[in-house]
Amino acid sequence: MNANRERIRVLIVDDEKLVRDYLKRTLLTRVDVDVIGEAGDGREAISLVFELSPDVMLLDIQMPELDGFGVLDFLDVPPPTIFVTAYDEYAIKAFEANAIDYLLKPITQERLFNAIDKAKLFIKRKELWESEVGRILNYVRSQSISKIALKTKDGFILLDVEDIYWAKADGDYATIHTKKDDFFYRKGLNYLEARLPSNLFLRVHRSYIVNLRKVTEVFSFFGGTYKLKMSDNAEIPVARRRAKNLKKILGV
């Protein structure tokens with residue numbers, strides 16, 4: 001936030017319009033708050049963060065398609081964030097993630113204002129947020145995901161992880177392969193492995209992760225190693241040290 005002004009610019013993200021309306025109406029009673037935008041889902045939230053650069057984001061955790069954690073995961077440097085949730089389990093997770101604050105629905109004016117006042121401290125002292133956001137993202141990125149946000153030339157898409165056939169290391173980054181398209185993933189394979197559901201995906205090689213449901217055949221290869229035939233006809237090498245675990249999982 002510009003140090004020459006006292007007003008803070010707030011983005012509200014919640015899939016419930018009644019909640020957005022209440023938050024906006026309540027915040028606008030404060031002379032030090034401007035509500036600069038509203039988003040009804042995670043996709044719109046990401047777009048508005050890039051477009052508006054808010055000082056603070058009120059972020060619903062449980063949303064369809066892409067939840068609040070997914071929004072933070074996509075944003076390398078998210079704005080100071082106050083989590084909003086109707087579920088105690090998510091509130092606890094948010095608190096453990098060292099969020100600036102979290103608001104449990106139904107939200108009272110007092111709790112909302114206290115959270116905004118707390119956020120203002122992080123805005124004035126940028127180093128505080130920089131310290132907190134690392135812990136928040138470490139927590140967020142330890143959670144498995146059902147959808148992944150991927151940049152494209154036109155913006156980004158939300159991809160169901162079940163639609164991933166396999167992923168390959170691409171230098172410090174990765175390439176994700178689906179039935180129709182390949183996508184460049186701006187984080188590495190280790191990061192992707194940690195986020196994908198372990199009951200569905202397996203690292204079979206230092207350079208490859210596969211969707212176990214897309215494996216159609218396991219066959220022997222040179223030197224006692226193995227390869228996987230995928231349902232898109234790709235052949236994926238299996239590292240020798242990972243072959244035993246793979247065969248056990250697949251029951252072969």
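The values are calculated or read from the model by the stated rules, or taken from the named source; none is laboratory data. Just so we're clear, the structure is a prediction, and the values are computed from it rather than from any experiment. Cβ atoms come from the backbone with ideal geometry, glycine included; neighbour counts cover every protein chain shown.
Numbers for the structure displayed
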| read-out | value |
| --- | --- |
| Pairs with Cβ under 8 Å, 6+ apart, first in the stretch 170-189 and on the phi > 0 side of the Ramachandran plot and not assigned by TED's automatic domain parsing to the domain that holds Asn211, second surrounded by 15 or more Cβ atoms within 10 Å (Cβ to Cβ) and not aromatic (Phe, Trp, Tyr) | none |
| The one condition in (1) in contact with a helix residue (DSSP H, G or I) (Cβ under 7 Å, 6 or more places away or on another chain); (2) polar (S, T, N, Q); (3) part of a helix (DSSP H, G or I) that Ser47 fails to fulfil | (1) |
| Residues (touching a Leu at 6+ places or on another chain (Cβ under 6 Å) and not in a strand (DSSP E or B)) located in the stretch 167-199 | none |
| Pick from the stretch 210-232, criterion in contact (Cβ under 8 Å) with a residue 24 or more places away in the chain and assigned to a strand (DSSP E or B), ranking: farthest from the chain's Cα centre (by Cα) | Val218 |
| Single residue of the stretch 211-238 satisfying the filter (within 21 Å of Ala194 (Cα to Cα) and touching a helix residue (DSSP H, G or I) at 6+ places or on another chain (Cβ under 9 Å)) that is surrounded by the fewest Cβ atoms within 10 Å (Cβ to Cβ) | Arg213 |
| Criterion violated by Ser207 - all others in (1) exposed (fewer than 14 other Cβ atoms within 10 Å of the Cβ); (2) polar (S, T, N, Q); (3) touching a residue at least 24 places away in the same chain (Cβ under 8 Å) satisfied | (1) |
